[in-house]
Amino acid sequence: MKTILVVGGAGYIGSQMVKMLLAAGYHVVTLDNLSGGYRDAVLGGDFVFGDTADSQGLDRLFAGYAFDGVMHFASFIQVGESVQNPGKYYQNNVAATLNLLDAMVAHQVKAFIFSSTAAIFGEPQYVPLDEQHPKHPRRTR
Ligand SMILES: NC(=O)c1ccc[n+]([C@@H]2O[C@H](COP(=O)([O-])OP(=O)(O)OC[C@H]3O[C@@H](n4cnc5c(N)ncnc54)[C@H](O)[C@@H]3O)[C@@H](O)[C@H]2O)c1
């Protein structure tokens, strides 16, 4: 059985991914600091309370499991707040993601899926959106 680390697996998108991975027969480990998610939203697998900013915690986590891949959903997502307070967003969404990537490199985990943003599409011209949809990122000010 393959083991997948879902970072941000207690959130809106991550919790659905956990559910789908469990249904597909994967062993799932969720890492989440519950800053924006809910423990009860994680429907199975192992739950680890932790933060991608914590390099030592990541090292312990990666030493404790043989991950076949990592899926990353642990971001702050409020566009308006990101404009008001960009440092908070760079710290969590960029710097802490680099910690995660460093842990993957150190522990030789090579498969990574990153959940980016649907905001690049702007107002939908059709739904459901797909990757071919024209990109018109909207500015907030
Ligand atoms: N919501 C959407 O419609 C949508 C669409 C496309 C892409 N996305 C992307 O998917 C990702 C997740 O979005 P969401 O809507 O599920 O957000 P969310 O806030 O519901 O989930 C994010 C999860 O990450 C956790 N988290 C945040 N920072 C963390 C950290 N440093 N360490 C550990 N856990 C941390 C939060 O506690 C939360 O459970 C984002 O990158 C977002 O841009 C979202």
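Figures for the structure shown
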{"read-out": "Failed condition for TYR38, given (1) within 14 Å of the ligand (Cβ to nearest atom); (2) over 21 Å from TYR12 (Cβ atoms); (3) among the hydroxyl-bearing types (Ser, Thr, Tyr); (4) exposed (fewer than 13 other Cβ atoms within 10 Å of the Cβ)", "value": "(2)"}
{"read-out": "Per-region count, the range 41-81, residues touching a residue at least 60 places away in the same chain (Cβ under 8 Å), assigned to a loop (DSSP other than H, G, I, E, B), among the aliphatic types (A, V, I, L, M) and surrounded by fewer than 17 Cβ atoms within 10 Å (Cβ to Cβ)", "value": "1"}
{"read-out": "Given (1) of a type in the set (Asp, Glu); (2) farther than 23 Å from ILE120 by Cα; (3) more than 9 Å from the ligand (Cβ to nearest atom), index of the condition ASP54 fails", "value": "(3)"}
{"read-out": "Residue among VAL105, VAL109 that alone is under 30 Å from GLY64 (Cβ atoms) and in contact (Cβ under 8 Å) with a residue 12 or more places away in the chain", "value": "VAL109"}
{"read-out": "Subset of the range 1-35 [at pLDDT 95 or above, over 22 Å from LEU101 (Cα atoms) and either away from the ligand (no atom under 12 Å from the Cβ) or assigned to a loop (DSSP other than H, G, I, E, B) (or both)]", "value": "LYS19, MET20, LEU22, ALA23, ALA24, GLY25"}
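The values are calculated or read from the model by the stated rules, or taken from the named source; none is laboratory data. All of these numbers come straight from a predicted model, not from anything done at the bench. Cβ coordinates were reconstructed from backbone atoms using ideal geometry, including for glycine residues, and neighbour counts include every protein chain displayed.
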